Amino acid sequence: MSNQKLEYDAALGGRVTLPTHIPTYHYAAGALREIKSLIADAQQTRSTKLIFQSLPKHMRRRAMSHHPKRLPRKYRSAHKSQMGKSGNTAAIKKRPSRKYRRRPKNLMREYLRRQRRHIWLETHIWHAKRFHMVDRWGYKLPYASCDKTYRACYRASAQHCLVQDISFYCCVELQGNIDLLCAGFARLTSSECGLSIGAKTYLSGRREGSIELFRDGKYPAGALQRASFMWRPITDVNSDKRTLWLWLHPCGATTTIEELVQVFDLKSTKHKKLPLSGEKLSTEDNKEQPTKEETKESKQSNTKEQPLRFWTQTKAFELNRHYANADGTLELLVLKNSFNRFRLTGPRSQEVLANSLRAYQIRETTNSNEPDHWLSQLDSEQRRIHETQANYCRSALRLNTPSELLSNMVLGLNIVDPRLQRPIKRTKAGVVEAAPKGSKPAQLLMDAPACLPTSALWDKELRERLGNKMLSIHDYCQLRQKHAVVPGMPCAFEQSMQPLPVLLVQRPGSQQPRYKRLGYGCGWDIIAPARYGLVLWLTLIMWGARPGGLREFDTVAREAGAELHLPDTVAGVEQAATAAADRRARYFRLPPNKRCNYRKYAVVSPFSAPFGQLVRDWRQETDDSANQFFVLRQRDLLQRIDTSLRRKQKLPGPKELPAGCLVQVQLRLLRRGSLHENAIICLPTRADLKRRLKQLKRDDQAPVYCEPPLPDLNERPRRDLRLAHKRLLKRLRGRRVREKRKLQETSTQRVHIRAANTAALVREHFAEMCRLWLPMEPAATTNSVRRQCTREVFGYVTSASFSFTEATVCAVGYVTAGGLRQLLSDGQQSPLCLVRDPDSRDYRFSSLKVNLDVSMP
Amino acid sequence: MDNNSTERGAKPRNNRHKQQQNNRAHHRVVRKVPPRVYNDNRNIYITSKSDIKAQQKRCEDILNSGVNEIYLHCMGFSITRGLNLALRLIKNSEGALSYAINTSTLRLVDELHPLCDEDDITFRHRNNSALHIKIYNSNLFNIIVPKLPAQPALPKPDHSEDRRQTYSARQQTPRKPQQQKQFKTKKTKPTDK
């Protein structure tokens, strides 16, 4: 090979052999490696400095880190990414200016983007400025006002007028043969729960009814929801086709519609399978939609000859979902978001309505200046109906409270645009005019004309036309700006604004004077066509109605001694589950020394009411359906329970009163103390009653009995677990530190400690800790709910608070039939029960009353 | 706060529910809210469910605020309560208040809700006795009212007009504090307890 020479290298301190020649490819490969590493170094700086710090002095500018534009352009993107990583928002894309965002086009685009996930009501923007908004049932709904209005809303509902937007209720239109409809609904409900849908009192359409819906043939289990309905008054005497509106709560609406579709054997008309006849083979013919009669005929004829040849027609977009049965005798149309429904509660809603709704006056003269709208094309009969309705409404709204009128009455009315009826300033509505001496409320009640419920609102085309032809708020304001000489005075152009039909539905409020003050919660519902929501809402608000949110539904129901969603309905189950999750999350957000130890308090289920297990424990015999429970809705049975409670008689036997049923009761604390949701209702012992008498004598307000604290067996395991977990985390960290140190020894740059990656570990520990904190779930174990503490549990409270109508703490709860029977067999003076909050050990006495109108609101 | 048991001299509630049991098979009786003639703060409708002390305080507050007369309307079972309340007010006022009583019969309508599908809603008339007690300030002469051209002779039951005029009169004649009789000064313990 080559002869090697030894040379002296001072740097290495010895002799180094250097080759005399090298192969070029070795040299090139080395150079290449060197270049590569140089490029890599240049691309990825190892310096800990930021980009703007690494610039030479003469290129640096003041406040460079905040303004990327002061950097040379090629460094800007790198700078932005560096700033973004450090959480410095200055470098993140700037929010566009307010001026830009407020441009109508951009504002509208933003609104549409935000509506993609949740549907907005028409009054959404008004509410969003003033209310806490929550996501519920696919809508964005107002929960409660940002102001403190809890008590004010109660006052409004009791003495003035509370208005709530309930447009989220889903309206379902059913059209078909009346016998078919009644037979179908008979499968979904039971005659024990009250009048059926085809009762004579509802069929004329003059009253709104309500029915309990169950799954097909599953009564009494499988409750869906309570739905109110109204029949369209008979328009054509000859045909037996009738139309029905069913108002469904959005929580159970999809389930209910599915059930309706199944019961009536309906098919969606979105996808239609149409037969392919010989003439229609060309594509042009296929595009045309054949009329219904043709399709039916050709279908029948074709199914025999060529059963397999068809084509599918699919509608790309269906605003209102439409279903029909096979022979077209029954149709179902989901009229979601095509109405606005506002709920007015309180006696003053009369004045508010009388001021904000003015019946349209049809002028007799038919000159050319007469505005051309739908109301001017009426025939004489319809005009007469319109006049009658206007007169009746005027005198009905003069009464002192809505509950003096026929209960659940439906009243149609054609009114002028509500924008014309506003006061200049927000004022409390006063009495419009004194009632004339001759008119008596009894006459209004008994001699109501038959044409009252007739309304043009039932007409679908008219509703669409109304929405399209409506003068928008913006146009109205512009017109007023142009024409109004004196601010606030009426203008000439306002005469030509189109009238609109509305339906007023009376709600009678409390009808049991023994249970709750007569007429509490009475009011009106207004149903208005779509797009008129905000206009009407603002008029009502201007006349002094107090706006309320979802919270007010619960409070009004609780004050009335009822509950909005029963625990066995779809909505009730969902509500209980979300509330339980919320309470649980809140409990574990507290520091451990602020959490109450439910194991010590002998509370089995602190966050939800385990009705299934409660019913199971109260059952005499055990079978497979032991966990099934349902709320008792039979009025006559409830009446008998009520009388036997009041007169201390025996309850109906277990054959009539099955063990799986729950009775809704209103509890009332007799003395001091407060109640919350999920409190337990217990049977008192003889000693408790004696002690109560003693306390009454001494005027002692102390709780009648205190649950002795149980030892918590999990206390030690919890401590061990916590210590072990801490130790483990510490050990892992020590390991990482050592690893880092080791790396640092061999490296010239600064080495950072490795990320912990213990999230899974911590989560697992937290779950285990939660399990050790809480008592065992009653659903998972066979532990008794009935005998969870020293007193026997026979019910649970679902909503409780201080009640303004009763001036004490009141609660709505459910008790088992077996428990009631045992309570009565004790032979007390008046039936009293013990209640205890889940986070307290004190038992207090409360009286109980049976609610006869279950799910009244 | 069940005051029914403490009511003195009240006649017992009638046993109408026993009669109702006979026709329970056909319908359910639903009572309506009885009608009110006037709905302002001077007409007080008495209910036996409210606390009697609260009712008394309410009446005293209205009278002390310068209103010369109030009307207590009571019906049926609450007539006794109304009488008790009126007597208590007059007794506590030391002769400053007087009363006048009118009786009447109210014609009430009940709804009969059907219990089976074939029936329609029907109505029932029912009469109930009512009492209207006017409690007024008898020593009106204490207040010096200057002669005014538009001065009414005496307050009449037409309240809307009435109130306006008394208001204007009050504005024109600033009331002297010693002339205003405070009825709540002497609190006597109710003797009927």
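The values are calculated or read from the model by the stated rules, or taken from the named source; none is laboratory data. In this text the structure is predicted, and so the values were computed from the model without any measurement. A quick note on method: Cβ atoms are made from the backbone with ideal geometry, for glycine too, and the neighbour counts reach across all protein chains shown.
Points to keep in mind about this one:
- Subset tally (residues that are assigned to a helix (DSSP H, G or I) and touching a residue at least 12 places away in the same chain (Cβ under 8 Å)) for the stretch A:391-424: 12
- Sole exception among (1) part of a loop (DSSP other than H, G, I, E, B); (2) under 20 Å from the mean Cα position of the chain (by Cα) for A:Gly205, by number: (2)
- Residues located in the stretch B:96-130, provided they are modelled with pLDDT under 85 and either outside any loop (DSSP other than H, G, I, E, B) or more than 30 Å from A:Thr201 (Cα to Cα) (or both): B:Ala96
- Odd one out for A:Asp700, checked against (1) surrounded by 15 or more Cβ atoms within 10 Å (Cβ to Cβ); (2) under 30 Å from A:Gln822 (Cα atoms); (3) touching a Lys or Arg at 6+ places or on another chain (Cβ under 8 Å): (1)
- Complete set of residues in the stretch A:383-430 that are small (Gly, Ala, Ser), surrounded by fewer than 20 Cβ atoms within 10 Å (Cβ to Cβ) and away from chain B (no Cβ under 14 Å): A:Ala390
- Residue within the stretch A:539-556 that is closer than 24 Å to A:Tyr143 by Cβ, modelled with pLDDT of 90 or more and within 14 Å of chain B (Cβ to nearest Cβ) present: no
- Residues of the stretch A:171-202 that are of a type in the set (Gly, Ala, Ser) and either under 28 Å from the mean Cα position of the chain (by Cα) or more than 9 Å from every other protein chain (Cβ to nearest Cβ) (or both): A:Gly176, A:Ala183, A:Gly184, A:Ala186, A:Ser190, A:Gly194, A:Ser196.
- Leading residue by the ranking (farthest from the chain's Cα centre (by Cα)) among those in the stretch B:25-82 that are basic (Lys, Arg), at the interface with another protein chain (Cβ under 10 Å from one of its Cβ atoms) and within 21 Å of B:Ser104 (Cβ to Cβ): B:Arg31
- Applying a threshold of 8 Å to beta carbon distances and a minimum spacing of six or more residues, or different chains, the list of pairs starting in the stretch B:99-120 at a residue that is within 14 Å of chain A (Cβ to nearest Cβ) and ending at one that is among the acidic types (Asp, Glu) and in a loop (DSSP other than H, G, I, E, B) reads B:Pro114/B:Asp120.
- Scanning the stretch A:180-233 for residues that are free of Cβ contacts under 8 Å to residues at least 12 places away in the same chain and at positive phi yields a single hit, A:Gly222.
- Residue in the stretch A:108-121 that is within 14 Å of another protein chain (Cβ to nearest Cβ) and at pLDDT 90 or above present: no
- Residue that is within 14 Å of chain B (Cβ to nearest Cβ) and in contact with a Gly (Cβ under 9 Å, 6 or more places away or on another chain), where the choices are A:Leu444, A:Leu504, A:Leu518, A:Leu457: A:Leu518
- The single condition among (1) among the hydrophobic types (A, V, I, L, M, F, W, C); (2) within 13 Å of another protein chain (Cβ to nearest Cβ); (3) under 23 Å from the mean Cα position of the chain (by Cα); (4) farther than 26 Å from A:Pro529 by Cβ that A:Ile211 does not meet is (4).
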